[in-house]
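Here the structure comes first, spelled out in structure tokens, and everything after it is commentary.
The values are calculated or read from the model by the stated rules, or taken from the named source; none is laboratory data. Worth saying up front: this structure is predicted, and the values here are computed from it rather than measured. All Cβ positions, even for glycine, are placed from backbone atoms using ideal geometry, and neighbour counts span all protein chains on display.
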Amino acid sequence: MEHDRRVTRTWVLHPDIKSDKDRRAAKPALEEAVALAAALPDLEVVGKTLVPLPHPQPGRLFGSGKVEELSQLFKANDIELVMIDGPVTPVQQRNLEKDWNVKILDRTGLILEIFSDRAATREGVLQVEMAALSYQRTRLVRAWTHLERQRGGLGFVGGPGETQIEADRRAIDEQLVRLKRQLEKVVKTRTLHRAARAKVPYPIVALVGYTNAGKSTIFNRLTGADVMAKDMLFATLDPTMRAVKLANGVDVILSDTVGFISDLPTELVAAFRATLEEVLAANLILHVRDISHDATEEQAEDVHAIMESLGVSTEVEVIEVWNKIDALAGDEKSALENIAARQDHTVAVSAVTGQGMDDLLAIIAQSLGQDKSTATLSLPFSDGKRRAWLYAQGIIEEEAQTEDGTDFTVSWTPKQQSQFERL
């Protein structure tokens, strides 16, 4: 939906807090924050600043000298909104807004704005409203006397507080109860839909990954679906399901999901848990990684941590899809392609050029057991290495002892067979 709000001149700050034991690498964190802000159409990011900070000041987050220095910077650039990439307390927010005469969004507030801008399904909209109201409820101490509503604030994170300073918490609580009831009805309907789908013997393949890793582009290439796939963070907020016929004629359901992100507040993970329900029901998970990103390893760790917090079973097989291989060149590209080729459950692809897509579909078919063959192998007792490999792979159907060794009946994929032959 197009907004008729005018564009708001925005500056992005990343406080690099030295005392924070979980602090992220400062430069990539600032770039990600800029990309987050750029994901909202009504923000024009005018500039960005990395602010080294020994420890946060309780009243204003930054020291008085830095507050004054930034104030001059914002004045000189006609800044209306400052996005602070991290948590900001209501008191800090109120004081800084007075000092700088701008509106302030912290990381949680900005992510909520993006969620509200992107949510498309009824369930997604309800979840966003609930998360935003819960967040807003903690901010009712704000004083907005210097900022009138017509100043053109964003969506609903800055909503009621601006002109109704003494907003009634009870009204918010009542609205939360109403939304919760509506959400329960919507979730019940989706449960029925899922039960109906369960009668169709199609395995579910869920795409997960750090936001902006290219999940939606891969989804579109595999399904031909017209899901929004822009180079921006949080492009998808509602799971999109499509049936895909694999090369061997087998149908699977492919599910595209919201991107994960580091430091996503726990209350937001909880609010969007239902959006990720398809991941919990998946038979196979494709973990899409932007392999060209400097922080690809850290992003992968964040994805694993969120999947664990959602309760995704460790028994569900995960395939790593190393996307954006086309963004690399020379030795680096060749090295990563070779590593992916040698590893189980890894494939290097480019969603843009189509490189590796056939390999990806083949691996999906193999992993779902659609492409397995049965073989009988006779191994002497002395062949410990290959015997250990068979046990480690969990592919032995039957085994019988002979005078010279053991006869194994195995069910394996072509890739496992070629790996065994290379041992």
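Listed values, structure above:
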| quantity | calculated |
| --- | --- |
| Count of region 59-77 residues which are polar (S, T, N, Q) and more than 15 Å from residue 48 (Cα to Cα) | 1 |
| Residue ID - nearest to residue 412 (Cα to Cα), chosen from residues in region 341-395 that are buried (at least 19 other Cβ atoms within 10 Å of the Cβ) and without any contact (Cβ under 8 Å) to a residue 24 or more places away in the chain | 395 |
| Qualifying residue in region 107-115 (condition: at pLDDT 50 or above and part of a loop (DSSP other than H, G, I, E, B)) | no |
| Among (1) part of a loop (DSSP other than H, G, I, E, B); (2) at pLDDT 70 or above; (3) at negative phi - the single one residue 212 does not satisfy | (3) |
| Qualifying helices (runs of 4 or more DSSP H) (wholly inside region 287-375; at least 2 residues being over 24 Å from residue 393 (Cβ atoms), within 19 Å of the chain's Cα centre (by Cα) and outside the structural domain of residue 412 (by TED's automatic domain parsing)) | 296-310 |
| Residue 48 vs. criteria among the basic types (Lys, Arg), surrounded by 13 or more Cβ atoms within 10 Å (Cβ to Cβ) and either in a strand (DSSP E or B) or in contact with a Pro (Cβ under 9 Å, 6 or more places away or on another chain) (or both) | yes |
| Residue 40, sole failed condition from (1) part of a loop (DSSP other than H, G, I, E, B); (2) in contact with a His (Cβ under 6 Å, 6 or more places away or on another chain) | (2) |
| Members of region 75-87 found to be modelled with pLDDT of 90 or more and either in a strand (DSSP E or B) or on the phi < 0 side of the Ramachandran plot (or both), listed by number | 75, 76, 77, 79, 80, 81, 82, 83, 84, 85 |
| Region 284-304 residues that are of a type in the set (Gly, Ala, Ser), paired with ones that are in a helix (DSSP H, G or I) (beta carbon under 6 Å, 6 or more apart) | 292/327; 295/28 |
| Residues of region 285-332 classified as touching a Pro at 6+ places or on another chain (Cβ under 7 Å) and either buried (at least 19 other Cβ atoms within 10 Å of the Cβ) or among the aromatic types (Phe, Trp, Tyr) (or both), total | 1 |
